[in-house]
Amino acid sequence: MATILKIGDEIPALTKNAYAPIEEDARNPIHKDDYAREHGMRGALVPGSTLLSYVLEMLYNHFGEKWLCRGRINVSFIGGGAVNGDVLTAHGSVKAIEAEDSGGRITLDVWMANQNGEKVVVGEASCIA
Amino acid sequence: MSLEEDFAAIPIGLDLGEWEIVLDEKTIKDRAALTQWQTMDVIDKLKAAPPGQTINLHAKMQFAKFTNLRAAIWAKSEHEFLKPLKMGSKVIIRGKVVDKYIKRGRLYRVSEFETVDENGDVLMRSRETGIHVE
């Protein structure tokens, strides 16, 4: 159940131990260790769709069913990405609350950082609550 | 052709095709497990897929279209959720290339996707930016 928020409030963070098994039909070698290491990465990158899912679960946990039909998110994937075993924590901080015809739209800065505090996802999300 | 030549040949407006997926319980739960989704009320009580459940298919649609593309990195991802993706329903995803640009020597392609149900109702709109790499 969503609580009443004001600007500056943070919604409950969500932490995941990043893990992404290789999907058999995956074509993108960026998600495979050999290729990723050859190209200067720490290892196979966890797919962006998985990282996004961690952030979406944090937002769903706060906004509930409303997120499924009133949620918006816009993020960039930054830094060196995430690899299996990284401890990733998603955060959301309220930056604006605006009235719309169908209710109040709450806009949050959202980000996800790894165990070293390095951000791997940054952006904005909003939902009519 | 080289990566750059392939990129130059991509027309803005290129249709990425149409993919269908039936969101049965197993499909939803398998995907939830892959993404470590743990808030199960969306599946068990609302009988819907967790938000973003089908977003990985956008990448697959693009790799299916760009058969010479070896690798890509996701740069940006934007989504608007309009209706729940109901368990047991069939959804259709349509995509197209809407922009491309080169910045600091990197090749960026922007694609938009619309996810609709069998009645044509729009469930989700997406806009994604990927970088083509060797």
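The values are calculated or read from the model by the stated rules, or taken from the named source; none is laboratory data. The structure presented is a predicted model; accordingly, all values stated were derived computationally and were not measured. FYI the Cβ positions are ideal-geometry reconstructions off the backbone, even for glycines, and counts take in every protein chain you see. Remember, those area values only see protein heavy atoms, side chains included, never the ligands or the DNA or RNA. Shrake-Rupley method; radii C 1.70, N 1.55, O 1.52, S 1.80 Å.
The distance separating the Cα centre of the stretch A:1-67 from that of the stretch B:45-87 comes to 13 Å. Count Lys and Arg as plus one, Asp and Glu as minus one, and take only other residues whose Cβ is under 14 Å from that of A:ALA13; the net charge is then -2.
Could you look at the stretch A:14-128 and say what percent of its accessible area is carbon and sulfur, using a 1.4 Å probe and all protein chains?
Numbers: 2220 of 4860 Å².
Of all accessible area on the stretch A:14-128, carbon and sulfur atoms account for 46 percent.
Take the Cα radius of gyration of chain A and divide it by 2.2 N^0.38 Å, with N its residue count; two decimals is plenty. List each step's numbers first, then the result.
Details: Rg = 16.1 Å, N = 129, 2.2 N^0.38 = 13.9 Å.
Output field value: 1.16.
Measuring heavy-atom accessible area with a 1.4 angstrom probe and counting protein chains only, the residues of the stretch A:43-63 that give up at least 40 Å² relative to the chain alone are A:SER49, A:LEU52, A:SER53, A:LEU56, A:GLU57, A:TYR60. The residues of the protein assembly as shown have, on average, 48 Å² of accessible surface per residue, using a 1.4 Å probe with all protein chains present. Positive end of the dipole of the protein assembly as shown (Cβ unit charges, origin at the Cα centre): among A:LEU68, A:GLY103, B:GLN53, the Cα lying farthest that way belongs to A:GLY103.
Helix-only estimate, please: 222 nm mean residue ellipticity of chain B, summing -39500 (n - 2.57) across DSSP H runs of length 4 or more and dividing by its residues, to the nearest 500. Don't jump to the answer; show the numbers that get you there.
On the way: 4 runs with 31 residues, N = 134.
Mean residue ellipticity at 222 nm (helix-derived): -6000 deg cm²/dmol.
Over chain A, DSSP H runs of length four or greater, each weighted -39,500 (n - 2.57), average out per residue to a 222 nm ellipticity of -6000 deg cm²/dmol. The GNM of chain B, with springs linking C-alpha atoms under 10 angstrom apart, assigns the highest mean-square fluctuation among B:ARG109, B:ARG31, B:ARG94 to B:ARG31.
What is the local net charge at A:ILE128, summed over the other residues whose Cβ is closer than 9 Å to its Cβ (Lys, Arg +1; Asp, Glu -1)? So the environment of A:ILE128 carries a net charge of +2. Rounding to the nearest 10 and keeping the result within 0 to 90°, find how far the Cα-based axis of helix A:48-63 lies from the longest principal axis of chain A. The angle comes out near 20 degrees. For the stretch B:3-133, carbon and sulfur atoms together expose 48% of the accessible surface, with a 1.4 angstrom probe and every protein chain in place. Label-to-label distance, A:ASN74 versus A:HIS39, with points set 7 angstrom from Cα along the beta-carbon direction: 2.7 nm.
Provide the buried accessible surface between chains B and A in square angstrom, both chains summed, 1.4 Å probe, rounded to the nearest 100.
Numbers: alone 8070 and 7630 Å², together 12580 Å².
Answer for the B-A pair: about 3100 Å² buried.
When chain A is treated as a Gaussian network with alpha carbon springs shorter than 10 Å, the biggest mean-square fluctuation among A:HIS39, A:HIS31, A:HIS91 belongs to A:HIS39. Taking only the Cα atoms of the stretch B:1-56, the radius of gyration and Dmax are 17.3, 51 Å. Let me test this: with uniform point scatterers at the alpha carbons of chain B, what is the Debye-based log₁₀ I(q)/I(0) at q = 0.11 1/Å? Log10 of I(q)/I(0), two decimals: -0.43. Take the Cα pairs of the protein assembly as shown, get the Kirkwood Rh, then feed it into Stokes-Einstein at 4 °C and 1.567 mPa s and tell me D in µm²/s. Translational D for this selection: 69 µm²/s.
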